[in-house]
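To start, the structure under review is shown below, and the notes come after it.
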Amino acid sequence: MKHSIAGARSAGALAAVGWLALACAAQKVSSPPTPPPYAPQVKASASAALASEPLTPLAEPVAALAMPPQEPAKKPEAQPEALASKPELKRGPLGTIAGQPLEAEELLLELGDASPRGLFLVVDKLVAAHLALAEASRLGMRLDQNEVEQRYLEAKKQLEDEAARGKKPRALEEFIRRELGFEPGAYLERVRRGVIRQMLAERAVRAGSLASETLAVRLIVVLGEEQMKAVQAALAAGRDFGEVAREFSVDDSKEVGGLVPFVVREERSPLAALAFRTPVGELGGPMPISDHQFLLRVEEKRAPIEGDWATIEAKVLASLREHPVETSEFVHWKIETQARYPIDLGRLWSLVGAAR
């Protein structure tokens, strides 16, 4: 069973799996499969500050190549605008059929008719991707090109492993051409761009989290009062909270002793409000929500960390190494970030007749 600190704001149990498609709670977000089947440095858990639908990696076109790796001593860097600039596209129709032009709008309408939800998810993923790039630019973010290359090679290796595992093992280029239906060179460049945008998004999301006061808590979620009494008796007997979470909790976080590493203030979440009024080291709850009982302990309270990328980079990267971005952290960031930047998709929704 999956629960979340903010998901408890309405009825308690809430589904949220996966990371960075950039899906979005505010607009039914989630994402369809992207070209590279790869999600580096991301941990999925429903127990975090906000609930959402699945998130998948920021991959897809609209990002340019990273520069080749340099000598390690030079530690080259690149700006987000250069790394994620759009490739030039020819204007005009996409092609012709029986001498008649195939326009992008016609294709968009057909895609919307064939899979309305799929279209919404793709658009929402693009919105989130652009927001991540805007934040990276605002912060003056830079990426180490050697790390970009390492992550790209990891993604490429996963593709090679997939090609070798098939019923008919193939070389990577043949696999991409025959099984995926893409030209290998163009596809691998999209994989590289996806890795770059994933890295920018991870950093932007965590920088956003660290800019506010956050908590690390441990959480136990059980069904009914009897189970909660058993939990309280175990804790009263001196047992470790994490150990008790592993034994009793029905939340995914039990695998890590109930740890929810990043909880942010969320007015709509009574559970988040409980966490922020509970002193460090103390228990909060139990809090009944729907047919579940929630008990938490605050492990750490973090003061905000603000500044440009040069000021916060080391702390952001250290934080990501310790706790990869989770679904709910991303969703909260996206909701907050949408309020900072103008978004106008009225023409698109009018074209497809969406009730948005």
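The values are calculated or read from the model by the stated rules, or taken from the named source; none is laboratory data. Being a predicted model, the structure only gives us computed values, none of them experimental. Glycine gets a Cβ as well: all are built from the backbone with ideal geometry, and neighbour counts include every protein chain shown.
Which of the residues spanning the stretch 103-158 are of a type outside the set (K, R), in contact (Cβ under 8 Å) with a residue 40 or more places away in the chain and not in a helix (DSSP H, G or I)?
Listed by number, the residues that qualify are G140, M141, L143, D144.
Pull out all pairs, ordered by first then second residue, where Cβ-Cβ is under 7 Å, the residues are six or more apart or on different chains, the first lies in the stretch 304-332 and is more than 20 Å from D252 (Cα to Cα) and in contact (Cβ under 8 Å) with a residue 40 or more places away in the chain, and the second is assigned to a loop (DSSP other than H, G, I, E, B) and of a type in the set (V, I, T).
The qualifying pairs are I312/I305; K315/I305.
Can you tell me which residue is nearest to the chain's Cα centre (by Cα) among those in the stretch 148-174 that are buried (at least 20 other Cβ atoms within 10 Å of the Cβ) and farther than 13 Å from Q198 by Cβ?
The qualifying residue nearest to the chain's Cα centre (by Cα) is L159.
Scan P80, P37, P54 and give me the residue that is under 24 Å from the mean Cα position of the chain (by Cα), under 30 Å from V260 (Cβ atoms), crowded, with 18+ Cβ neighbours inside 10 Å and modelled with pLDDT under 65.
Selected residue: P54, the only one of P80, P37, P54 that is under 24 Å from the mean Cα position of the chain (by Cα), under 30 Å from V260 (Cβ atoms), crowded, with 18+ Cβ neighbours inside 10 Å and modelled with pLDDT under 65.
What is the residue count in the stretch 259-274 for residues that are closer than 19 Å to R321 by Cα and out of contact with any His (no Cβ under 9 Å at 6 or more places or on another chain)?
Number of matching residues: 2.
Tell me, which residue of the stretch 324-347 that is outside any loop (DSSP other than H, G, I, E, B) and among the aromatic types (F, W, Y) is surrounded by the most Cβ atoms within 10 Å (Cβ to Cβ)?
Among those that are outside any loop (DSSP other than H, G, I, E, B) and among the aromatic types (F, W, Y), it is F330.
Given the condition within 20 Å of V260 (Cα to Cα) and surrounded by fewer than 17 Cβ atoms within 10 Å (Cβ to Cβ), answer yes or no: does some residue in the stretch 138-147 qualify?
Within the stretch 138-147, none of the residues are within 20 Å of V260 (Cα to Cα) and surrounded by fewer than 17 Cβ atoms within 10 Å (Cβ to Cβ).
In the stretch 88-102, what count of residues is obtained for those that are loosely packed, with under 11 Cβ neighbours inside 10 Å, in a strand (DSSP E or B) and not polar (S, T, N, Q)? Outline the logic, then answer.
Just the residues of the stretch 88-102 that are loosely packed, with under 11 Cβ neighbours inside 10 Å, to begin with: 88-92, 95-100.
Subsequent filtering for residues that are in a strand (DSSP E or B) retains 95-97, 100.
Remaining after also requiring not polar (S, T, N, Q): 95, 97.
Residues in the stretch 88-102 being loosely packed, with under 11 Cβ neighbours inside 10 Å, in a strand (DSSP E or B) and not polar (S, T, N, Q): 2 in total.
Could you count how many residues in the stretch 88-132 are over 26 Å from Y341 (Cα atoms) and among the charged types (D, E, K, R)?
Residues in the stretch 88-132 being over 26 Å from Y341 (Cα atoms) and among the charged types (D, E, K, R): 6 in total.
Looking at the stretch 212-270, which of the residues that are aliphatic (A, V, I, L, M) and touching a Pro at 6+ places or on another chain (Cβ under 7 Å) is nearest to V316 (Cα to Cα)? Spell out the reasoning first.
As a first pass, look at the stretch 212-270 and keep what is aliphatic (A, V, I, L, M): 215-217, 219-223, 228, 230-231, 233-237, 244-245, 250, 256, 259-260, 263-264.
If we keep only those that are touching a Pro at 6+ places or on another chain (Cβ under 7 Å) too, we end up with 216, 228.
On the way: A216: 16, M228: 36 Å.
Here the answer is A216.
Which pairs do you get when a residue that is in contact (Cβ under 8 Å) with a residue 24 or more places away in the chain, found in the stretch 192-203, comes within reach of a residue that is in a helix (DSSP H, G or I) and acidic (D, E), reach meaning Cβ atoms under 9 angstrom, with the pair 6+ apart or on two chains?
R192/E149; V195/E154; M199/E147; L200/E135; A201/E135; R203/E135; R203/E313
What number of residues within the stretch 255-271 are touching a residue at least 12 places away in the same chain (Cβ under 8 Å) and more than 13 Å from A216 (Cβ to Cβ)?
Total meeting the criteria: 6.
So which residues in the stretch 309-320 are within 27 Å of I220 (Cβ to Cβ) and either in a strand (DSSP E or B) or not small (G, A, S) (or both), if there are any at all? Let's see the steps before the verdict.
At the first step, the residues of the stretch 309-320 found to be within 27 Å of I220 (Cβ to Cβ) are 319-320.
Across the stretch 309-320, the qualifying residue is only L320.
Would you be able to say whether some residue in the stretch 285-302 is closer than 19 Å to L139 by Cβ and out of contact with any His (no Cβ under 9 Å at 6 or more places or on another chain)?
Yes: one or more hits.
Only one of E135, E189 is of a type in the set (D, E), more than 30 Å from A339 (Cα to Cα), surrounded by 14 or more Cβ atoms within 10 Å (Cβ to Cβ) and at pLDDT 90 or above. Can you tell me which?
Going through E135, E189 in turn, just one is of a type in the set (D, E), more than 30 Å from A339 (Cα to Cα), surrounded by 14 or more Cβ atoms within 10 Å (Cβ to Cβ) and at pLDDT 90 or above: E189.
Checking R117 against (1) over 30 Å from I305 (Cα atoms); (2) modelled with pLDDT of 90 or more, only one condition comes out false. Which one?
(2) is the only condition that R117 fails.
What single numbered condition from (1) over 23 Å from Q227 (Cα atoms); (2) out of contact with any Pro (no Cβ under 6 Å at 6 or more places or on another chain) fails to hold for H323?
(2)
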